[in-house]
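Have a look at the structure below before the remarks.
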Amino acid sequence: MNQAKNALVLLRSPGTQAAMQQLMASSSFGAQQFRHIGGDKVPEFWGRPSQYTEGTNFLGTPKNHLDLINKRPLSPDVFDIDHKSPHYKFPLGALSSIVNRVTGVAMSVGFAGAGVLALRGGLDPVVSAMSGSLLLGFPAKFLLSYCLIYHYAGALRHFTWDHHKIGNNADRTSLMELPKVELSSKLLLGGSAALALICALL
């Protein structure tokens, strides 16, 4: 019992704690914690085509990105220092996923606004005005149809991705492969627009 107490006292002593801090700082793990996130070295295949990945050229990664990373060990922000131009091109899969969220927000705002109008008794005149005008009715029906179709079709795509068996990535049979993601994004964007146009013409 006394030995355990003596050990605790020794561990809590300032000298022991200082020695442990020096040991942590001299180790590779401690160096990462005390200097910067990510350690001293950039991974050999970072962003480059290799046996593991096709690289990140499809994101618009600059050819000298490894030199830039060595100069700036922390990952850059999404936008450049001017807060206008992004560092990387957004792939079509990312854009289609963003549109899925935008349509969800648009429907939430639109349905909330329609609910407020309905409670105040002003929804029927608005609907009548839109129905009687092609310039108002057609865009409104198209936008509403597009948001509904795109958002729920996008949700089905994400549901399929979540439950699809990925398997061996080397076989390139997964639905998450870049060409298949781009194809599904094109079908989602174009198909939703076509169906929304048909609904707007009805």
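The values are calculated or read from the model by the stated rules, or taken from the named source; none is laboratory data. All values derive from a computational prediction rather than experimental measurement. Heads up, the Cβs are rebuilt from the backbone with ideal geometry, glycines too, and the neighbour counts pull from every protein chain shown.
Points worth noting:
- Number of positions in the stretch 44-68 that are modelled with pLDDT of 70 or more and more than 24 Å from Val181 (Cα to Cα): 6
- Condition check for Lys165: more than 24 Å from Leu59 (Cβ to Cβ) and free of Cβ contacts under 8 Å to residues at least 40 places away in the same chain: yes
- Among the residues of the stretch 159-185, those that are surrounded by fewer than 12 Cβ atoms within 10 Å (Cβ to Cβ) and under 30 Å from Leu201 (Cβ atoms) comprise Phe159, Thr160.
- Residue within the stretch 120-137 that is touching a Ser or Thr at 6+ places or on another chain (Cβ under 9 Å), surrounded by 13 or more Cβ atoms within 10 Å (Cβ to Cβ) and farther than 30 Å from Leu183 by Cβ present: yes
- Identity of the residue in the stretch 80-104, modelled with pLDDT under 85 and in contact with an Asp or Glu (Cβ under 9 Å, 6 or more places away or on another chain), that ends up nearest to Leu148 (Cα to Cα): Pro86
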